[in-house]
Amino acid sequence: MSHKAGFVNIIGNPNVGKSTLMNAFVGERLSIITSKAQTTRHRILGIVNGEDFQMILSDTPGIIKPAYEMQESMMNFVKSAFEDADILIYMVEIGEQDLKDEAFFNKIIHSKIPVLLLLNKIDNSNQEQLEQQVAFWTEKVPNAEIYPISALKNFNVPEVFQRIISLLPESPAYYPKDQLTDKPERFFVNETIREKILLNYSKEIPYAVEIVTEEFFEDEKIIRIRSLIMVERETQKGIIIGHKGAALKKVGTEAREDLEKFFGKQIHIELVVKVNKNWRSNANMLKRFGYNQ
């Protein structure tokens, strides 16, 4: 019996539902999902295994014009998504008219590999609007197969999943069949804490934050975690901690609840806030956090 395997790379503007789609495919919350733009900073490989296939999904940061060095690095992850893909998923949402970067758009149009254009959030539209959008994208990206979907409600997602399997090239598996992702446990701890910060704080605070998990000790029944929350200024540190530590405690409680579900074990988590001035423009710090690869 033949086996199929391949790399499926998901690209699109910020906040169109790329992470939601990937998590629907994989069945675990691998990517952080919030309503704020730019929540995915690294390429994340989610791996879906079947008896006769392996689908390796990468979820890329949304396409933006880089404003500082960290965003330049985020865009390098997107560029690499074009280089190793067997299938490209270009995700747009109802009402969207263009990519923010023409060079990327040209790459999609001239792609030599199969392109699936997923028109997401159709539950927010009516039939007339949907038909207009399908016509618009058919003209704009003639090489793409177009699928209207709702990643959140799982509408048309199984059909897209089956189509991807049919397009995968014949190949042995690239990763062990019991592997869910190529990221270490600490990465998911960091992402979970960062998601809670995105949800609980406003303005520039979430984007000035990086998480480093310094300790991750796993026993039979409990995982003990110590994570640093890096900010750029003392004022940000005060906001993260909050009055009598209440804001930080809320982040810790919410992160612990999610991590207990993810790992299936009791979690003890300690959060420490540190100031690291201008880390987003510091090449050495970015390398340490895994951006400049």
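What follows is calculated from the coordinates using simple rules that are stated; it is not laboratory data. Keep in mind that this is a model prediction, so the values were computed, not measured. So basically every Cβ, Gly included, is an ideal-geometry build from the backbone, and we count neighbours across all protein chains shown.
Could you give the length gained by full extension between residue 152 and residue 128, i.e. 0.36 nm per residue of separation minus their alpha carbon distance, to one decimal place? Don't jump to the answer; show the numbers that get you there.
On the way: separation 24, 0.36 × 24 = 8.64 nm, distance 2.14 nm.
The span from residue 152 to residue 128 would gain 6.5 nm if fully extended.
For the pairs 249/274; 221/249; 237/277; 112/140; 196/249; 249/277, note any where the Cα-Cα span goes beyond 20 Å. From the list (249/274; 221/249; 237/277; 112/140; 196/249; 249/277), the Cα-Cα distance tops 20 Å for 221/249; 249/277. The packing ranking, built from the mean of other Cβ atoms within 10 Å per residue, places the peptides 241-248, 228-235 in the order 228-235, 241-248, highest first. Legend: P(r) of segment 200-254 from all alpha carbon pair distances, 10 Å bins from 0, whole percents, reading 21, 49, 23, 7, 0.
Can you work out the FRET efficiency for the pair residue 139 and residue 265, with r the C-beta to C-beta distance and R0 = 41 Å, to the nearest 0.05? Kindly include the intermediate steps, with their values, before the conclusion.
On the way: r = 52 Å, r/R0 = 1.26.
That pair, residue 139 with residue 265, gives E of 0.20.
Per the Kirkwood formula applied to alpha carbons, segment 90-162 shows a radius of gyration over Rh ratio, Rg over Rh, of 0.96. When peptides 107-113, 124-130 are ranked by their average number of other Cβ atoms within 10 Å per residue, the highest-first order is 107-113, 124-130.
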